[in-house]
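Worksheet: the structure to be examined is printed underneath.
The values are calculated or read from the model by the stated rules, or taken from the named source; none is laboratory data. Owing to the predicted nature of the structure, the values given are computational and were not obtained by experimental measurement. Here the Cβ positions follow ideal geometry from the backbone for every residue, glycine too, while neighbour counts run over all protein chains shown.
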Amino acid sequence: MSFIALLGPIIGLALGFDAVNSERAGGTLNRLVSQPIYRDSIIIGKFLAGTAVIAAIIYTMGIAIGAVGVIVAGVKPSGEEVWRILVFLTFTVVYVAFWLALSIWFSVVCRHAATSALASIALWVFFAIFMSLVSSIIANAVYPVGDDYHAMINSYNNYTLNLSLNRISPYYLYSEAVSTIMNPTVRSVNIVTMDQLVGAVSGYLSLGQSLLLVWPHLTGLAALMLIAFGGSYIGFMRQEVRAN
Amino acid sequence: MKETYQNACADSPEGVYETTDGGAGMSENNRNVIEIAHLTKQYGDKRAVDDLNLSIRKGEVFGLLGPNGAGKTTTILMLLGLTEPTAGTALIEGLDCARHPLEVKSIVGYLPDNVGFYPDMTGRQNLRFTGQLNGLSGQELEDRIDALLERVGMSEAADRRAGTYSKGMRQRLGIADVLIKDPEIIIMDEPTLGIDPEGMRELLNLIRELSVEDGRTILISSHQLHQIQKVCDRVGIFVEGRLIASGTLSELEEQMLRDGSYLLEVNVHPCDDKLLGMLSRQEGIEKIQKEGNTLMITSKQDIRGQLTKFLGEKEYTILHLHQRGGDLDEIYRRYFEKAGQSDERNSYEEKKKHGWRHRGKDASQGADRA
C-alpha cells in the first residue's frame, strides 16, 4: 500500500506532464482551438481521458491481483472484504487523478515538457519524502519536547500539529486512509488518550465505520484533485494560444 | 508617438481608411465578409494592434503584409475569437468574433504558421480527427478526406505517420485540414514560410484555385512579398500594429508616386567618381547612392529622358536603366522606411521603445535585400 502511495503518482505524472505544452510545441494546439469546439472541452477531455485510463489501470490491476491471491491462497473473500478492496481502489484512483490534475496544471503553466515533468516530480518527492521531516521540524519548533517538562506539556499538541501538517500532503492523506480501509483493526486516525480507551471493547470495525473514519480524507483528496484541476482549467482558459 | 504615426498615415492619402464605407448597397458577391472596426489589442504597455480598420470582400484574396511582430498573428487570433480584443470589434459574416467564436470558427478555416499534426497518427487519421471535431462522420467524411488528399497531392503519403512528413508536406496536409470543414473564409498565417520554390508554386496555384474556382475568401498574412504579390487582389501593409496602407497594388503604387519621389536604378560604363560628381550637380536629383556598380538615384520627378540625354552627351554607355516602383517590394520598402523614420525620431524622445526601433529597421532592411 505504501508502495502504491509512493509510486502511484508516477502514472498520473506520466499521463499529464506534457498534456498541453507538447500540443503547443507541436503546433497541434493552434489547429485544435481553431475548430468549432469549446475550449473547455480540450482541457476537460484531457483530464477525463487521463482519469479513465487511470481508473482502468487501477481497477483491472487490483482485481487481477486479488484474483491471483484467491487462487494461490485458496481463501474465499467475504462480501465486506471485496467492498473494502473496491473502496481502496477508488481511493487510489482519486489519489492518482490528483497527480494527473497537478501535472496537467504544470503542463499548462510551463512552456517545455521537461520543465513541467521536473516540477511535478519535485513536488512528488517533496510530499513523499520531505513533508514528514518538515512537519516534524515545525511541530518541534512550535511545541518543543526537548526535556521532560516540555515533553509532558507539549507532546499532545506536538503530535497533533505534526499530524495536521502531514495531512496537507496527499501522500500522507492517502496512506492513512487506505491503511484504515484495509485494516479493520484501525479504530482511530487521531491521537487517543488512555481515558478514551477505558472500557472500550476491542474488535473489528465494520466497513461503514471505517469509511466514516476516513471520509474527511476522501473529501480532502477529492478537493485537492479539484483544486489542481481547477487551476489547470483556469490557467488554460486564460492563456494566450500563440505558440511563440 | 501616436502623432507621428498619424502623420505617416496622412501622408498616404485615401486608401488607408477606404474600408469602412463598404456595407450598404453592395451586390451579393461584393459584400464584406470580414469587417474590422477600431480593433485594438494591448499587451502590457505595448500595443500589438492599434485601432485597425479593415474590411474584406467576398471572394477576395487579401494579403496582410508586415514585418515580424507587427501584430498580424494577433489580428488573426482576434478574428478567430481566440484572443479578446482590448477595444473595437471584428465581424465575420455579421458575427462578432469575440462573442460567437464557435459560429465563426465553423465557417473560418485557419492555417496557423508552423502547423503541426499528431506525429503518431497518419495524415489520414489526423484529417479524420479534424473532420469529427467539425461534426462530420461516416462515408461523407471519408469521401471528403480522399478528395482533399487528392487535391493537395498527398494521396500517396496519406497513410504514413505524420511525424515523418517534411515541412512542405505538413503545409499541404494543413491546407487539406483547413478545407475539411469546407470553410467560406480561409485565414493563412505565414503559409509560405520555409517552403521550397516548387512547393511554393504549388501552394500559390492552390490558393488561386481556392479563390477563383471555389469562391472562398482568403486572408494571407506574410512578410514575404514576392509570393504574396502573385496571388493577392488587395494588400494591406501593417507595421507596428497599424495598417498604414491598403488597396490594390496599383492603388498603392499611385499613392506612392503622389508622395513624389522616384527611384532610378542605373548601371553605366565606365562608372567612375567623375560621373558621380557630375550627376550630383544635376538639377532634380536629390540623392545618389552607389551600390556596387549600380547607382540608385532619388529624384522628385521622372528624370529618365533627361538622364539618358546627359549620359549620351558625356559618352557613357547605359547598361541598365530601371525605374523602381510598382512592384510590391518597392512599395513595401517605402512604407517601412516611412514607419522606420518616424520611429527613429521617436526613439530619442522615448527610450522605452528602443527594442521596437531595431526591429522596424531590421525589417525594412530585410525588405531592401529581398
- Message: Suppose we filter B:Arg124, B:Arg99, B:Arg128 for residues that are within 20 Å of A:Ser41 (Cβ to Cβ), buried (at least 17 other Cβ atoms within 10 Å of the Cβ) and away from chain A (no Cβ under 12 Å); which single one remains?
- Response: B:Arg128
- Query: What about A:Val53, is it modelled with pLDDT of 95 or more and either touching a His at 6+ places or on another chain (Cβ under 6 Å) or farther than 21 Å from A:Ser210 by Cα (or both)?
  - Reply: yes
- facing chain A (nearest Cβ under 10 Å) and among the small types (Gly, Ala, Ser), is that true of B:Gly94? no
- Task: Count, please, the residues in the range A:1-33 that happen to be part of a helix (DSSP H, G or I) and under 30 Å from B:Ile186 (Cβ atoms).
- Result: 12
- Does A:Ile63 satisfy the criteria of being farther than 23 Å from B:Leu111 by Cα, more than 14 Å from chain B (Cβ to nearest Cβ), surrounded by 12 or more Cβ atoms within 10 Å (Cβ to Cβ) and without any contact (Cβ under 8 Å) to a residue 60 or more places away in the chain? yes
- Does B:Arg208 satisfy the criteria of being over 19 Å from B:Leu77 (Cα atoms), within 14 Å of chain A (Cβ to nearest Cβ) and of a type in the set (D, E, K, R)? no
- Note on the structure: Residues of the range B:102-121 being at the interface with another protein chain (Cβ under 9 Å from one of its Cβ atoms) and over 22 Å from B:Met188 (Cβ atoms), in sequence order, are B:Pro119
- Taking interchain pairs and intrachain pairs at least six residues apart, which have beta carbon atoms under 8 angstrom, with the first residue in the range A:216-229 and polar (S, T, N, Q) and the second at pLDDT 95 or above and crowded, with 21+ Cβ neighbours inside 10 Å? none
- Out of A:Pro36, A:Pro77, report the one residue that is outside any helix (DSSP H, G or I) and either at pLDDT 90 or above or within 14 Å of chain B (Cβ to nearest Cβ) (or both). A:Pro36
- Note on the structure: Looking across the range A:124-163 at residues that are under 30 Å from A:Leu13 (Cβ atoms) and in contact with a Ser or Thr (Cβ under 6 Å, 6 or more places away or on another chain), the single one that is surrounded by the most Cβ atoms within 10 Å (Cβ to Cβ) is A:Phe127
- Note on the structure: Taking the range B:79-96 and keeping only residues that are crowded, with 21+ Cβ neighbours inside 10 Å, farther than 19 Å from B:Ile244 by Cα and in contact (Cβ under 8 Å) with a residue 24 or more places away in the chain, one is left with B:Leu79, B:Leu80, B:Gly81, B:Thr83, B:Pro85, B:Ile92
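One line per residue, one yes/no per condition, for (1) surrounded by 14 or more Cβ atoms within 10 Å (Cβ to Cβ); (2) assigned by TED's automatic domain parsing to the domain that holds B:Ile36; (3) within 30 Å of B:Ala37 (Cβ to Cβ); (4) among the aromatic types (Phe, Trp, Tyr):
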site: B:Gln227; (1), (2), (3), (4): yes, yes, yes, no
site: B:Gly277; (1), (2), (3), (4): no, no, no, no
site: B:Gly284; (1), (2), (3), (4): no, no, no, no
site: B:Glu291; (1), (2), (3), (4): no, no, no, no
site: B:Met296; (1), (2), (3), (4): yes, no, no, no
- Note on the structure: The residue that is farthest from B:Arg47 (Cα to Cα), considering only those in the range B:85-95 that are part of a strand (DSSP E or B) and β-branched (Val, Ile, Thr), is B:Ile92
- Message: Based on this model, can you work out whether A:Arg24 counts as closer than 30 Å to B:Asp177 by Cβ, within 14 Å of chain B (Cβ to nearest Cβ) and crowded, with 19+ Cβ neighbours inside 10 Å?
- Response: yes
- Message: Given the criteria over 17 Å from B:Leu219 (Cβ atoms) and either crowded, with 21+ Cβ neighbours inside 10 Å or modelled with pLDDT of 50 or more (or both), does B:Val16 qualify?
- Response: yes
